[in-house]
Amino acid sequence: MTAPAPSDKAFVPFVSVQNMMRLVHHIGIERVLTELTDVIEDDFRRWPLFDKTPRVASHSREGVIELMPTSDGEIYSFKYVNGHPKNMAQGLQTVTAFGLLAEVETGYPVLLTEMTLLTALRTAATSAMAARHLAPKGATTMAMIGNGAQAEFQALAIKAVLGITHLRLFDIDPTATEKTIRNLSASGLHLTACETAQSAVEGAQIITTCTADKQNATILSDNMVGAGIHINAIGGDCPGKTELHSDILSRVDTFVEFPPQTRIEGEIQQMPADYPVTELWQVVNGDILGRRDQRQITLFDSVGFAIEDFSALRYVRERVRGTTFYQPVDLIADPDDPRDLFGMLQRARD
């Protein structure tokens, strides 16, 4: 006896790396970054609705493997992601990821997708969203300290959302800077390769730090940060890994995603437990003023939070609907009688 064909719920849309790239090129990367920035901001406005749990992390000497779950009560999401800085020496990615959306009502998955590319996109979009609220108005120049896999995404997001025209680049590895300049040569940005981090920040209104070493480091020292600067610190994202000298933290207004996670993983892990921070969602909602004046120094101490991944996943789900940018995967066992899973297995032998 032949088993009945699986129902539609058994097939989950799967977005492969190839299809994610096709989707981005179909829409246009700057448009994707702009739209994703808006979707993330929309979800920050309803921040209190979400489950909020710090990421579940498994740390080792080699790196970290994490699960990042959340739900808005109707849709559940999680992301698997790793961070292994030593991978680069083996020709491997430092960060890889995949993610899933599911219906809370049934528990059935509704999307499975690669998230290595999507994490880069959502991280850049989150930086742009924060800078939209915190950076000085009319900012034209960004310094990018750390020119690895995230650099181009960050630059294009800030360009698309804030309209910067100049990008100053520094990395301890000159080939990383050369790579970034090559990749952004047609972006319309005025690109400057700098020999030091100090020279990179000269004339910049926005500074983005994005280095990969899993250690406490001083990428920015206190004398490098003048009045009116906005800093996106996105490289410090696990215990024992920071990029800013603590003296900087003592004179900036710091904005974070979720304090219990950021105090463990972010720049503020260097500071006392009562160090004052503002949750970014309160600025987005208009409850708290972000940038007060042109001389204020603002810091977005970004470590990445599951709600940003939720936003990215729901954006992709909507964007692939009715397209060819996914393939259905027979992921869920779907017996015609839900009590007869064994019978479904037996009939598959025929």
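Here, each number is a calculation from the coordinates, and none is a lab measurement. Quick caveat, the model's predicted, so the values are computed rather than measured. Note that each Cβ is placed from the backbone with ideal geometry, even for glycine, and that neighbours are counted across all protein chains shown.
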Problem - Eligible aspartates and glutamates near residue 79 by straight Cα distance, threshold 14 Å, same-chain separation 8 or greater - result: 66, 114, 308, 309
Problem - Translational D in µm²/s for segment 1-102 (Stokes-Einstein at 10 °C, 1.306 mPa s, Kirkwood Rh from C-alpha pairs) - result: 94 µm²/s
Practice task
Can you tell me the alpha carbon radius of gyration of segment 136-304 divided by the globular rule-of-thumb value 2.2 N^0.38 Å?
Solution key: 0.98
Practice task
For each pair in 52/179; 52/241; 52/137, compute the distance between the two Cα atoms and list the pairs where it is over 28 Å.
Solution key: 52/179; 52/137
Practice task
Working from Cα positions, state the angle (0 to 90°, nearest 10) between the long axis of helix 151-162 and the longest principal axis of the chain.
Solution key: 80 degrees
Handout entry: C-alpha long axis of helix 29-45 to longest principal axis of the chain, angle in °
Key = 90 degrees
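Please work out how much length the chain gains when fully extended from residue 103 to residue 7, using 0.36 nm per residue of separation minus the C-alpha to C-alpha distance, in nm with one decimal.
Details: separation 96, 0.36 × 96 = 34.56 nm, distance 1.61 nm.
Fully extending the segment from residue 103 to residue 7 adds 32.9 nm.
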Problem - Charge tally in the Cβ shell below 13 Å around residue 323, where Lys, Arg are +1 and Asp, Glu are -1, residue 323 excluded - result: +3
Fill in the blank from the handout: Hydrodynamic calc, the chain: Kirkwood Rh from Cα pairs, then Stokes-Einstein at 37 °C with viscosity 0.692 mPa s, so D in µm² s⁻¹ is 155 µm²/s
Practice task
Determine which residues of segment 107-140 fall in the zone a paramagnetic label at residue 330 would reach in this model, i.e. backbone nitrogen under 11 Å from the point 7 Å along Cα→Cβ.
Solution key: none
Exercise for the section: With 5 Å bins from zero, work out the P(r) of segment 84-200 over every alpha carbon pair and list the percent per bin. Expected result: 2, 11, 17, 19, 18, 14, 8, 5, 4, 2, 0, 0
Completion exercise
Helix 174-183: inclination vs the chain longest Cα principal axis, degrees, rounded to 10, gives 60 degrees
